[in-house]
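Novice: Let me begin by handing over the structure; questions about it come next.
Since every read-out is calculated from the coordinates, none of them should be taken as a lab result. What you are looking at is a predicted structure, and each value in this text was computed from that prediction instead of being measured.
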Amino acid sequence: MMRAGDLNRRITVKEEVLSKNTFGEETRTYQDRYSAWASVRPLRVGEKFEEVLRQAKRVAKFGIRFRKDGTGNLDMDSTNVIDFDGLDWDIHSIVEIGIRQGIEVIAIARVK
């Protein structure tokens, strides 16, 4: 169960936008989709994630309340990016907590 007091960090979920520049090349940017209160817990890379996250400098678990899109499905997927603590975080996995109580997201901070 998600407790309101644990959701004490503000995150912004961004979605990918593809466009073409003046040379006709495809460019990728991100625009804000929504902001949410979240719990954030840094993770240590264990054996389970070692191969996937070998180069990762920062890994965290984000917990947010369940959000639905217009079709009643989860309003987040692995193509989205989380903006938190001045960094963009790539989503590695999303797991529903309970029955639409919340979601748990494992994300990796992009190296700047």
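Novice: The list [x] -1.06, -1.29; [y] -0.86, -1.20; [z] -0.84, -1.06 gives values of log10 I(q)/I(0) by the Debye sum over Cα atoms at q = 0.17, 0.21 Å⁻¹, and only one came from this structure; which label was calculated from it?
Specialist: [y]
Novice: A further question follows. Using a Cα distance threshold of under 18 Å, what count of lysine pairs results for the range 4-109 when pairs must be 8 or more residues apart or interchain?
Specialist: Working: Lys14/Lys61; Lys14/Lys68; Lys48/Lys57; Lys48/Lys61.
Summing the qualifying lysine pairs gives 4.
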